[in-house]
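Novice: Before we start, here is the structure in question, set down as structure tokens.
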Amino acid sequence: MASQKQTGANRLNARQSTGPRSVEGKAASRMNALKSGIDAKSQIVRGENLANLEALKAEYYERFRPTAPEQRMLIDVLIDAEWLLRRFRVVEAQVWEEGSLSTWRLNDEIALGQSCHRNGNEFARLQRRIDTAHRNYRNALQELQRLQAEDDLQPTPQPDPPTPRNQPVTTPNGFVPQPAPSPAAIPQKPIDTPPPIR
């Protein structure tokens, strides 16, 4: 635990800090708190283009046109899986390149072999991530197609056609309701007047 003297010094130092001033420094510092998964505020990492992700989202939503929250969630899984697969392709190329450049004895004829030997564990981990993204994509696509097929099979409710007046309406049990009589057709009962009181 910090002493009071250390805490005071830390506060003084913090007041003097103004943060990054250059455009490059600000761009770098915005990635400092990058999180992944459900806590991520952005799916974009350094070197990726937000416009490409937005275009990918638009393509999927245009293609599948979700009609329910479950369908939207599955489309998001598809987008996420494809975006990760695109990222992993770049990562794989960079691992090959890094391994080739950092070999202890550079030989262009065997550079890829040296890179593979040097980065075997990284390639295995990357392949597991690629396999998981493929599996997530496949599962989400199958479930989305199943949900949309169910939607297509359900008939859309059609309004009942209007019945013309004076035509009896039949019910499933065969009962035919009779129309209400008009007031003129109801026989009028004479009103009895009480005898006068004497």
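Novice: For the charge dipole of the stretch 45-153, defined by +1 on Lys and Arg C-beta atoms and -1 on Asp and Glu C-beta atoms about the Cα centroid, which residue among 91, 66, 115 has the Cα displaced farthest towards the positive pole?
Specialist: Towards the positive end, the residue furthest out is 115.
Novice: Further, regarding this structure: Could you give the length gained on full extension between residue 91 and residue 11, defined as 0.36 nm per residue of separation minus the Cα-Cα distance, in nm? Let's see the in-between values first.
Specialist: Values: separation 80, 0.36 × 80 = 28.80 nm, distance 4.06 nm.
That works out to 24.7 nm of additional length.
Novice: Would you mind computing, in nm to one decimal, how far apart the modelled labels at residue 197 and residue 54 are, each placed 7 Å from Cα along Cα→Cβ?
Specialist: 9.1
Novice: While we're here: Sort 5, 57 so the one with the fewest other Cβ atoms within 10 Å of its own Cβ comes first. Intermediate values should be presented prior to the final figure.
Specialist: On the way: 5 8, 57 16.
Ranking 5, 57 by Cβ neighbours within 10 Å, fewest first, gives 5, 57.
Novice: Please give the net charge around residue 86, taking every other residue with its beta carbon less than 12 angstrom from that of residue 86, where Lys and Arg add +1 and Asp and Glu add -1. Please report the intermediate quantities before stating the final value.
Specialist: Numbers: positive: 87, 89; negative: 48, 80, 82, 92.
That sum, taken over residues with Cβ under 12 Å, equals -2.
Novice: Less than 13 Å Cβ to Cβ from residue 150, Lys/Arg counted +1 and Asp/Glu -1: what total charge do the surrounding residues give?
Specialist: On the way: positive: 146; negative: 70, 143, 151, 152.
Combined, the nearby Lys, Arg, Asp and Glu give -3.
FYI, it's all coordinate maths here, none of it is from the lab. Small disclaimer: the values here were computed from a predicted structure and weren't measured. Heads up, the Cβs are rebuilt from the backbone with ideal geometry, glycines too, and the neighbour counts pull from every protein chain shown.
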